Each structure stands twice: as structure tokens, then as C-alpha cells.
Amino acid sequence: MIVRIRFSKLGKVRWTSHRDVARMWERALRRAKLPVAYTGGFSPRPQLSFGLALPTGCESVAEYLDIALETEVEPALVKQRVGPLLPGGIGVVAAGEPEPGSASLQAEVTSCTWDISVPYIARSELDEALSKLMGAASLPVVRERKGHVVADDLRPSLIALFSRDARDELGTRLVAELGTRPRGVRPAELAELLGTELGLARRTCQWIERGGSKFEPLDARPAVSAVAVERAS
Amino acid sequence: MARVTKPARYIGGELGAREPLHEPGRVAWLLVYPDTYEIGLPNQGLQILYEILNEREDALAERAYAPWTDMERAMRGAGIPLFSLETTRPAAEFDVLAFNLSAELTYTNVLNLIDLAGLAVRSNERTGDAPLIVAGGHCAFNPEPLADFVDVFVLGDGEEVVGEISEVLLDRAAGHPRSRHELLRALARVDGVYVPALYEARYDGTRLVGVVPRSGDVPERVEKRAIADLGEWPYPKRQLVPLMEVVHDRLNVEVFRGCTRGCRFCQAGMITRPVRERPASQVDEMVRSGLARTGYDEVALTSLSSADFSGIEHVVSSVINDPQCSGQVSVSLPSLRVDAFTVGIAAEIQKVRRTGLTFAPEGGTWRMRQVMNKLIREGDLYSAVDSAFAQGWRRLKLYFLIGLPTETDEDVLGIAELARRCAEIGHRYHHNVTLTASVGGFVPKPHTPFQWFGQDTIEELRRKVGMLRDALRGARGVSLRWHGAEATAAEGIVSRGDRRVGRVVEHVWRAGGTFQEWSEHFDLGLWTDGLKAAGLSLEDTVYRHREEHEVLPWDHLSAGLHKHFLWQDFSEALREHGLEDCRWTPCYDCGVCTGMTVEHVVASTVPPAGGSQGTGQDASAGGVMPVRFVVKEHEAHEAHEAREEHEEMVGAGASGGGA
């Protein structure tokens, strides 16, 4: 069976990499003595499948992980057993079973919502920059990848951008829904497009779009996107 | 943090980390490893002391590692000093900064870290209640290059002495002022503690003629500390599990300390004697509870030659047959002996995640291996290699040293020949094999039989490597790796340097030369400039053969080995005579067991089944060896006299030694 976990990554532990987090889970699951399925061959690995990589330095309350288990275990029990064994800052938010027949997290997630603090900028100033971005026909960026120069257009991945008052005096908050296709946009790239410094960025939701509705990976019910909620407020 | 590489180096948060309460009556130790987090974190010595100190009521310990250059720049730019990982407390607020000295090329980092802590690097410029700078670890057996910067060195095992030092310092931590000088004198009376400021280095012209106490109340000769029974120290009990990937990222269980194989180039084997094994049942327990606690799926049984552990078969079978481990845990033996028996064990324990196997024949010819006392017959190597390839391994690595005493071009070319033939054996089993011959330049180390030997020049090492490259051109399946000859020379400056070499270290540091262990930062030019500024030369500090009766910079410090034993063994080396492993053969009185009140602790009088390596005898079937563990006093005396007689004869005939 597959158990899907939603977990958070908050505080100092955000400075660890995606690979580091994978190792933390492997160790915690072994300590929990859960019947995790292993790959065969000379170098057996636990069958864990992580969703989109979270950039090092970003927080999240919406990370996902699929765990293959050899025998049936109640998802709530998985949460209860493994939760206390994870390092500080990594917490299990929810555990459940993905819909039967659903594809991998990597393949299904179409966008993410981010809550980003943008220091040293007034809200009005940020609003202006945001509407400029949203109004642009294309936002080309050039990146060198494995020795090749690749030109990408980031505009299609900017789904929605809103400003919010900051929690402290220093700047403004930016709530962004960023698509993963044709290519994901990282908060740091968004800050670069805005010409601002990047403060703390936290992923708050991952979305699967199916038939015009958005679902969270652990919730079969259609949901409205967080951005729509923000818009209504 | 967003701008530095690998920010997880600076966040701590490991499983097993403590956040101790700083309060009067507790001596605050900051344990510092002078290299990056991922290199330093797994260090077992540091972790052992971390636990022992934090278990004490009168002490506490936190950790720090060398920030990488980008982080250091950011810290200096923002006026942030070196701080502890656990409670981000400035280093200068601790009572003790204790450095682990594992490698000579980290010395410039030691100076840099003292400076980053906001303290004067020279000990005579630190006053009042500035933290005490302490250093220990293998390199502390020749502390003279750091004598001007470090207040207190500790020789040997640290388990007991850290407590004794804490007790002396307690007055100070509790706020009872005691002058720095008084404190140092009190510390100098603790066994195993060397306070360089209380000793004067005397020279005759440019020659060192002695390092002698400045006053009568400090010992003329400082003896190392050694714990008698490893079984009483089952540490680390709570090995740190880091959040980021580090080297040796696995459970490590030390199965024994010390080694009597007697490889003449090996400092670790000489200075950690005698052999003290951990009871097999305790190893079992540490493996089992360690795996359950950490969640690691790999455990390394560590020591200088783990296949020699007398409980090895018991431990291995108990781990593998443990249903809890269910075939998912791999066991590794970091230092494999070269024989088929060992490969058999390796095959059994690496059923999962089989990577490569590494052997260290060290020398290219039997003659050379007799000189260095690494008594591996070619047959042992070939049968080990054959067995490894037959059992499915395709990648093997062989370690070699070049630049050893009496080495000829034929010996060097022997390395190519061995590598080529090992690869040929592999091709009998597999189409594709990789045989890596890793070649390092030999650096003579203090307290070893080769301490008198003049190191090969950079040019000579390069010539030998070039010769190997030519000889291996087109050899199918063989790849040659070598370490930079320049770094080998720089290591040589410090390895046997006296107090004057401190000026070289300081020069390199002041010129920005940190992280000299890292090829991207290493710069030989800084070291040669430093030598020039200090009025020294590579010729004299590195390449020169020392004379038999010359005062060596570490003569006032003892690892327990008699200097005449070392000279005797050096003479035997030059005559191409090997020496048997004294665990299973009669004592040859190196001085350690008889001089200290400790002796070998071995669980079995039967050496492990295996090849001839080290024992000098055909032990391929195992079997009982004539054994005598402890030499009784009168025998030791006789042996001593006999050896002195013998030595006089040898001494008269031998010159300064060397090639």
C-alpha cells in the first residue's frame, strides 16, 4: 500500500537540502520499524517518493511524501509512529492514502502557493511591480544548464501574484501561485524578476489541477485555490 | 545564510546534540574541529569527549567547526565571532577552546579560528580570563609547531584527562581568580598535559639541542595518557546524527584501540599502543542499540585493522543474523587486511550496498614491504583480489606509498606490476573492472621508526609518479591516482618541525592560507615564503635525514615507545627485516606495555584466521601461535639489556640512515 504524508519544514532545518530531508525520513522510518518496502538488487533502497523539491532555505507547510509499505498500516498510525522521530522543524501534518490509480506527486502537482516576505519595499511599490509582471506578454530568462544556454519564458508559470501587509514593519508580503509547467519558478527567481531581495519564503499549498478544479494531494474534494481565498478576503 | 554554500553546516540540530546550561561551577568547553562541519562532525574523539564532559556535573561542552571561506567572510563582515553550534554563544565566553589535531595542514585553520574567536593568536599575548586554548589528537605528539599559539596540549587518550583538567579549571569557572601563569603550572602537573610556555627550546646555532623545563616543578618528559580498558568507556553512547550529509555518514563503533602490526611508517599504530579490545558483547550491544537509536543502515567497525579484532566473526554473524536488521544493514570494515579470509568476511557482511573494496599493500615489492614491515606476500594480495572479483566485486582500490627508505625505481615500478596483475585477475571474472592504484608520497612522522628518514623531494616524487604513469599507460582496467607532491612537502614541514616552524604556520595564515587540506586552497608558495621568512628551508626541515643522536623536537614527549627501540626497528628496516605482531608472538619491548601500567587486552590467544600479514608466519589456517602477553619484570629487564647490547653494535655500523 501507499501512505501519503503531508509534512512541514520550518525554522533552522529549512537550510538543509531536499536530499538531506530524504535521508531524515529514511532514518526516521527505520527507527519507527514500519514495514517500508525496499527495492531489490545489490543496493536496496526504501521506496519513498518525494514531490517537488523545496529549494534550500525555504520553509513549507505543504511537503508531500509517498511511502510504499509491504503490509497494510493505518495512515494515522504511520503519522503517530514516525512523527516524534523526525528532527525538530520537520512535522507530520497529515497522513492518508492517495486516490487509487493516481500518478506520482511529481507528475500530478501543477502549481504551488507561496507566502514570501519581501523586505525593504512598500506595499504600493510592490503592487506596481506585480502588475507590471502580470501585464507582460513574456518574461524571458536565460540560464546555463549543463553547459548549454537555455532560454525560458517564466510568464506562463506566474498564475497569480498578490501583496499583503507584512507581519512586521520591514516590508511587504507576497502571496504567489506559481505553476510547475512548462517549468517551475522558484521564489528566488520571482524576487529576481521583481528586482527585490528575497526574505523568508514558505510554501503553503501544492495543487493538482484536474478537470478545471484544484485539489490538494491529500484531499479528494475539489478545493478553491488559496489565491482565490485570498482574493475573496 | 542564503548566500553561503551548504548553510546546513551552521545550524546544528543533530540527534544527540545537547544544549547545556551555562552556570557557575561548570567549566565550559568549546570543542573545535579545525576543518569543515562535514569532515569534523563524524570525528569520534570529539564526540566521545562531548558526551563525557556533558555527563559531568562540573563541566559542559558545545561544538564548533571551521566556517567555510564564504561564511567566514560574511561573519567578519558583520562582526560575528566564532560561535558554538548549540547555543550560538561567542567562543570567547567559554573557559576552554579545545582543538582536535588530526592533520598538520589544518594548523593554519587553528590560528584562524582563534583569531575569529576574537583572541590573540599567540599565547603570550592572551591574558587574564581569555579562554584557555587546548589541543589534542594524533598531531599533538609533535606539538612544537603550535607551541607559540596553544596553551595546553594533551597527549594520548582524552577520556580521563578532560575531567582532571576540568577540576583544575573549576576554581576559575567559579570566579575564583587565579593568575594565568599559576593556572598553567597547575595544569602542567596533570599527567599527559604539556604546557609549552613552561619549556624552553634551546638551540646551538641552527640546531635544536633540547626542549627543557623552565622550572623544576614541571616534568622533564611528558608521558601520554592511555585508558586501560576500552570496555569501561562505551562511548559515544549517543552518536550525533547530522541533518546534512557528512563523511562516514553511518554508525561507527570502535572495536579496539591501538595496533601492534608494527607498520614502520604508521604513526597511528605506534602512538596508540597497546592494543585494547572492546568486549565482543559490548560491541554487539553498541551496534544494536546504535542502529535502533540512529536509524542508520550502515555500521562501521572501526579500528586500525578491524579484521584483527578477535571477536570479529562473532560480531559479524550476530549483526547479520539479527532479525531487526533483516538484511538491510551493511557492515563495513574501514581498514581491511589483505587476505582471502578478510574478503570472505567482507562478502558476508556486504550483502547489501556493495560498493568497492580497498586494500593497502602500501609497497610495490616484497623487499619494500619488508622494509616498511607491511608483511603481505604477493600471494596474499592475489588471492584476496581473486576472491574479491570471484565474489562479484568489480571495483578495487589499492593504496601505496612512495618515497620510503631504501626505495629503488624497481620498487616503484613494482606498484605498476601489482596493479596490472590484479586487473588481469579481474578480467578472468568480469569484462569490465576498475582497479585504482592510489599513490601517496610518504611523510615521515614523529614517534615512528622512520622519524629519522629524509622525505623525498617534490621533484623526486614527481619523477616516480611519472614513471608509474608511463608504466601503466595502456594498462587495461587500471587507473592511477596520486596526491599532490607539493602538499606532501608542506605536510613534511609541519610533521617534524620544531618550534620555529610556528612562524611558518603563522606566515601562511596571515597570508590568507586557510583550508590547506583542500586542493583548491592549497598554495605551496605561501609555505616556501614562510620558510624563507623564518630562516628555514625545505632542505633542512623536510628532506634532511636526521642523525641517530640528534635531539628531535618531540624527545621531551613520550608515546611510551623507547627511542632506542625505534632506532633499532629503523635499523632492522634498512636491513629489510620484518618484525612480528607482538599480540601473538613474544614481546620485543617497544616500551609501551612495560613502561605504562597498561597491557594488551585481547580476547583470544589465537590470531584470526588469515594470511601471513603482520605475523610474518603462515597463519592462513588460523591456529595457535606461541603467545606471551605480558613480559614479567625480570624478563623485561633482560630483554632490555640484550637489546641495548645489540643496539650498540647496530648503532656503530649504521649511519644517519635512509636511502
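So what does log10 I(q)/I(0) come out to for the range A:44-197 at q = 0.14, 0.18, 0.21 Å⁻¹, using the Debye formula with one equal point on every Cα and no solvent? Per q value, in the given order, log10 I(q)/I(0) is -0.87, -1.15, -1.35. Over all pairs of different C-alpha atoms in the protein assembly as shown, the reciprocal of the mean inverse distance, the Kirkwood hydrodynamic radius, equals 30.3 Å. Applying 1/(1 + (r/R0)^6) with R0 = 56 Å to the Cβ-Cβ distance of B:Glu313 and A:Thr204 gives a FRET efficiency near 0.50. Taking other C-beta atoms within 10 angstrom as a stand-in for reagent exposure, B:Lys563, B:Lys464 fall in the order B:Lys563, B:Lys464, fewest first. Express in nm, to one decimal, how much length is gained between B:Glu19 and B:His577 on full extension, taking 0.36 nm for each residue of separation and deducting their alpha carbon distance. Taking B:Glu19 through B:His577 to full extension adds about 195.5 nm, to one decimal. For chain B, complete DSSP H runs whose alpha carbons reach 20 Å or more along their own long axis and whose mean Kyte-Doolittle score is -0.5 or higher are B:280-294, B:409-429, B:458-472.
Computed from label points 7 Å out along Cα-Cβ, the spacing between B:Arg428 and A:Val149 is 5.6 nm.
So which GluC sites (Glu not before Pro) in the range B:154-227 pass both tests, a DSSP loop state and at most 14 other Cβ atoms within 10 Å of the Cβ? In loop regions of the range B:154-227 (DSSP not H, G, I, E or B), the sparsely surrounded GluC sites (Glu not before Pro) are B:Glu220.
Once the convex hull of all Cα atoms in the range B:407-494 is built, its volume per residue stands at 105 Å³. Which shape class, rounded, prolate or oblate, goes with chain B when its Cα gyration tensor gives a ≥ b ≥ c as root eigenvalues, a/c under 1.5 marks rounded, and past that a/b bigger than b/c marks prolate? Rounded. Past the 18 angstrom mark, what percentage of all C-alpha to C-alpha distances in the range A:2-105 do you count? So the portion of pairs separated by more than 18 Å is 44 percent.
Excluding same-chain neighbours fewer than eight residues apart, the aspartates and glutamates reachable from B:Lys6 by a Cα-Cα span under 12 Å are A:Asp20, B:Glu38, B:Asp70, B:Glu245. Restricting the calculation to Cα atoms, the range B:7-223 shows an Rg/Rh of 0.95 when the hydrodynamic-style radius is the Kirkwood one. Separation of the alpha carbons by more than 23 angstrom is noted, of B:Lys237/B:Lys397; B:Lys374/B:Lys464; A:Lys132/A:Lys214; A:Lys12/A:Lys132; B:Lys374/B:Lys563; A:Lys33/B:Lys237, for B:Lys237/B:Lys397; A:Lys132/A:Lys214; A:Lys12/A:Lys132.
For the range A:109-232, a/c is not less than 1.5, where a ≥ b ≥ c are the root eigenvalues of the C-alpha gyration tensor, and a/b does not top b/c. That puts it in the oblate class. Using the Kirkwood radius over C-alpha pairs as Rh, can you work out the diffusion coefficient of the range B:330-431 via Stokes-Einstein at 25 °C, viscosity 0.890 mPa s, in µm² per second? It diffuses with D of about 176 µm²/s by this estimate.
Inter-label distance, A:Ala22 to A:Ser104: 1.0 nm, where each label sits 7 Å from its Cα along the C-beta direction. Taking the helices alone, chain B has a mean residue ellipticity at 222 nm of -10000 deg cm²/dmol, built from -39,500 (n - 2.57) per DSSP H run of at least 4 residues and averaged over all its residues. Each part reduced to its alpha carbon centroid, the range B:8-61 and the range B:231-294 end up 18 Å apart. Express in nm, to one decimal, how much length is gained between B:Arg178 and B:Asn321 on full extension, taking 0.36 nm for each residue of separation and deducting their alpha carbon distance. Full-extension gain reported as 45.7 nm.
Cβ-Cβ distance of B:Glu245 and B:Asp204, R₀ of 51 Å, FRET efficiency by 1/(1 + (r/R0)^6): the value works out to about 0.45. Each part gets one Cα centre, and for the range A:1-50 versus the range A:151-213 those centres are 27 Å apart. Between B:Glu57 and B:Asp523, the simple label model (points 7 Å from Cα in the Cβ direction) yields a spacing of 5.3 nm.
If you plug the beta carbon distance of B:Glu93 and B:Arg476 into 1/(1 + (r/R0)^6) with R0 = 60 Å, you get a FRET efficiency near 0.50.
Loop-located GluC sites (Glu not before Pro) in the range A:96-170 (DSSP state other than H, G, I, E, B) with a sparse environment of at most 10 neighbouring Cβ atoms within 10 Å: A:Glu169. With a 10 Å cut-off around each Cβ of B:70-82, the average count of Cβ atoms from other chains is 0. Counting every pair of alpha carbons in the range A:127-175, the share spaced more than 17 Å apart comes to 51 percent. The relative contact order of chain A comes to 23 percent, based on Cα pairs under 8 Å that sit 6 or more residues apart. Placing unit charges on the Cβ atoms of the charged side chains and taking the dipole of the protein assembly as shown about its Cα centre, the candidate lying farthest along the positive direction among A:Ser43, B:Leu291, B:His447 is A:Ser43.
Every number here is computed from the coordinates shown, using simple stated rules; none is lab data. Bear in mind that the values here come from a model prediction, so they are computed numbers and not experimental data. Glycine gets a Cβ as well: all are built from the backbone with ideal geometry, and neighbour counts include every protein chain shown.
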